[in-house]
Amino acid sequence: MINVSEAVESALAEGRPVVALESTIFSNLGLPSPANQEALDRCIGAIEAGGGTAAITAVIDGVPRIGLAEHEHDRILGPAQKAAERELPVAVAEKWPVGATTVSASLFLAAAVGIRVFATGGIGGVHRGDGLDVSADIGALGAHDVVTVCAGAKNFLDIARTVELLETQGVPVLGLNTDTFPAFYARSSGVPVPRTIETPKQAAEVAAAQFGLGRAGGILVTVPIPEADAIAEETIDAAIETSLAEAEAEGVVGAATTPYVLAAIAAATGGATVPANLALAENNARVAIEIARHLPNPPEST
Ligand code: PSU
Ligand code: MN
């Protein structure tokens, strides 16, 4: 029921490094066009430059896919329906033309075929306020045996509570050369990260130990945005405040909230946040392939 591309299948069979990518970030739910195309090209480029194979996840014409051919990239760059993990069965049954996979759906699909490293921009988390809006990403991070590489989470979320819930889920959270959880455009959220590491290889060692112990669930590796690309916190904070107020005034709720706020932040900053978004996504892909290269191959299944 899950279709794996030949490129990804042969890389996995030969024990070559593979990094999974989500598709929501590259669809119009995540980034404006044409920056979304550039983001996709740069992420794939970083994975290939590191000697790896990129495995883009998506639902296309009702089929969950892992690995898209280049001529199929257009499908995920246009309008799409957001597919978190729980939407996958719905997307299959209803034959969605394009289901853009979120972090949770991508983790499920990656784990299902034995891909152990996944790169994204920012994860979903606990939304601000007491509305109990918690992203499915958090549960998926605790459920699937995959290393997720991200630049933390955007500050429109409650980052302190997000980090607390990752503890509840039993997810080891590592900061690459940072002792605080990164806040996407900003290198630091001020919230302490449980463990600091200095190299991608150390993340691979933690992951190898986790898998070796037979302990279920993922690892979260947080990587601050490269210094040169970070955006002044005042700029972002102001944009986030107006974007959240706008979402509330418009009565936006549920799964629509994150895409709405993402677009509102990009608009409120006149697109200034977009280059930063591309730079951190590419940087995460670069770190992810390094981790994948250092992970020992899984034992032969019999
Ligand atoms: N944060 C971003 N960019 C994104 C997303 C989050 O900075 O594109 C997307 C990811 O696909 C993530 C999803 O998995 O939003 C989370 O949505 P929600 O908050 O509805 O769980
Ligand atoms: Mn939600």
Gaussian network model of the chain, Cα within-10 Å springs - most flexible of Glu70, Glu164, Glu246: Glu70
If the reach is capped at under 27 angstrom between alpha carbons, list the lysines near Lys201, excluding any in the same chain fewer than eight residues apart. Lys154
With runs of 4+ DSSP H residues as the only contributors, calculate the mean residue ellipticity of the chain at 222 nm using -39,500 (n - 2.57) per run, divided by the residue total and rounded to the nearest 500. -13000 deg cm²/dmol
Restricting to Cα pairs under 8 Å and 6 or more apart, the percent relative contact order of segment 2-57 works out to 46
Please give the Cα centre distance for segment 72-149 versus segment 232-302, rounded to the nearest Å. 13
Among beta bridges assigned by DSSP with both residues in the chain, the antiparallel ones amount in percent, to the nearest 5, to 30
Among Val193, Val252, Val173, the residue with the largest mean-square fluctuation in a Gaussian network model of the chain built from Cα contacts under 10 Å is Val252
Give me, ordered by chain and number, the residues 5 or more places off Thr178 or on other chains with an amide H under 5 Å from its own placed amide H. Ile197
Dividing the mean separation of Cα pairs under 8 Å (6+ apart) by the residue count of the chain yields a relative contact order in percent of 20
Among Tyr260, Tyr185, what is the fewest-to-most ranking by other Cβ atoms within 10 Å? Tyr260, Tyr185
P(r) histogram, all alpha-carbon pairs of segment 32-112 included - 10 Å bins from 0, percent: 19, 51, 28, 3
Rounded to two decimals, the Rg over Rh value of segment 195-288 from Cα coordinates and the Kirkwood Rh reads 1.10
Counting other beta carbons within 10 Å of each Cβ, put Thr53, Thr24 in order, fewest first. Thr53, Thr24
Rounded if a/c under 1.5, otherwise prolate or oblate - segment 1-159, Cα gyration tensor axes: rounded
Could you grab the relative contact order for segment 149-249? Cα pairs under 8 Å, six or more apart, rounded to a whole percent. 35
Equivalent-ellipsoid semi-axes of the chain, from the Cα gyration tensor, Å, largest first: 27, 22, 18
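None of the figures in this text is laboratory data; all of them are computed from the coordinates on show. None of these values were measured; they are calculated from a predicted model. Every residue, glycine as well, gets a Cβ built from its backbone with ideal geometry; the counts of neighbours run over all protein chains shown.
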